[in-house]
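Just below is one structure, and these are the notes that go with it.
The values are calculated or read from the model by the stated rules, or taken from the named source; none is laboratory data. Note that the structure is predicted; figures quoted are calculated from it, not measured. Cβ sites come from the backbone with ideal geometry, for glycine too, and all protein chains shown count toward neighbours. Surface accessibility is based on the protein's heavy atoms, side chains included, excluding ligands, DNA and RNA. Shrake-Rupley method; radii C 1.70, N 1.55, O 1.52, S 1.80 Å.
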Amino acid sequence: MANCITRHIPNTLTCSNLVSGCVATHFAFQGNYQTAFLFIILGAVFDFFDGMSARLLGVSSPIGKELDSLADIVTFGVAPSAMIYSLLFTMTWPACLGTEVGEVMPFFAFVMAAFSALRLAKFNLDERQSTSFIGLPTPANALFWGSLIVGIGDSLPSSSWLTILLLFWVMMMSWLLIAEIPMFALKFKHWGWRGNEVKYIFVLTTIPLVLLLGWIGVAVVIVWYVLLSMISSKLIN
């Protein structure tokens, strides 16, 4: 009986991640960005523990791997894209682009959902990513957008040209998802300093950034994560 229960724990956590993503998408379409972001964070927590529980319990399975990717597409691909989509509909577009642009361009946000799916498909097949990442992980991308929109979303509609900047960032982050850029993972084989320098530096600098900057601090942390990954990769090579 115990084995029957434990082998379903990882998939239950993964399904909880999926449900969190669906709820986050619902609130994103309503323009309730803070609640949407909270459910993305909740999904990230479930995503962290489903893989950990599968390894600890020794119940990893092919179906669990596929289910995990499907859940991640919703929580870390569709949900943040829906937040951007809703935000773009509230923003004023430059008059020189015509009135129809404001009705069509918000759909461009879902390009990022497609790139998130592509990134997850590559991750499942790429044997190089067992202990680190190649390209920006989808949870990091989702946390960046959720933090950015909750932190400064109210001020974005004040300038019509910020819509162009927002679309540029969508393209930039979509590219980072599939870029051949090595990025470290917060997986510790041991707790010593040697070999974990980059991870400890990141963790120690993350805490004050979030405490000082609040919601927007999470977006700053993700930018710092990308920069630190690039710096450490150059130093190692």
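Applying the set (1) farther than 15 Å from LEU143 by Cβ; (2) modelled with pLDDT of 90 or more to VAL221 leaves exactly one unmet item: (1).
Annotation: of all residues in segment 207-224 being in contact with a helix residue (DSSP H, G or I) (Cβ under 6 Å, 6 or more places away or on another chain) and among the small types (Gly, Ala, Ser), the one that is surrounded by the most Cβ atoms within 10 Å (Cβ to Cβ) is ALA219.
LEU166 falls short on exactly one of the conditions (1) closer than 26 Å to ILE73 by Cβ; (2) open to solvent by less than 60 Å² (accessible area, probe 1.4 Å); (3) modelled with pLDDT of 90 or more, and that condition is (3). Annotation: PRO106 fulfils all but one of (1) surrounded by fewer than 22 Cβ atoms within 10 Å (Cβ to Cβ); (2) over 24 Å from THR92 (Cβ atoms); the unmet one is (2). Looking at LEU67, LEU42, just one residue is at pLDDT 95 or above, surrounded by 18 or more Cβ atoms within 10 Å (Cβ to Cβ) and more than 17 Å from ILE84 (Cβ to Cβ), and that residue is LEU42.
The one condition from (1) open to solvent by 70 Å² or more (accessible area, probe 1.4 Å); (2) outside any helix (DSSP H, G or I) that LEU204 does not meet is (2).
Close contacts from segment 120-132, counting a first residue that is more than 17 Å from ASP47 (Cβ to Cβ) and a second that is part of a helix (DSSP H, G or I), with Cβ to Cβ under 8 Å and a gap of 6+ residues or different chains, come to LYS122/ILE178.
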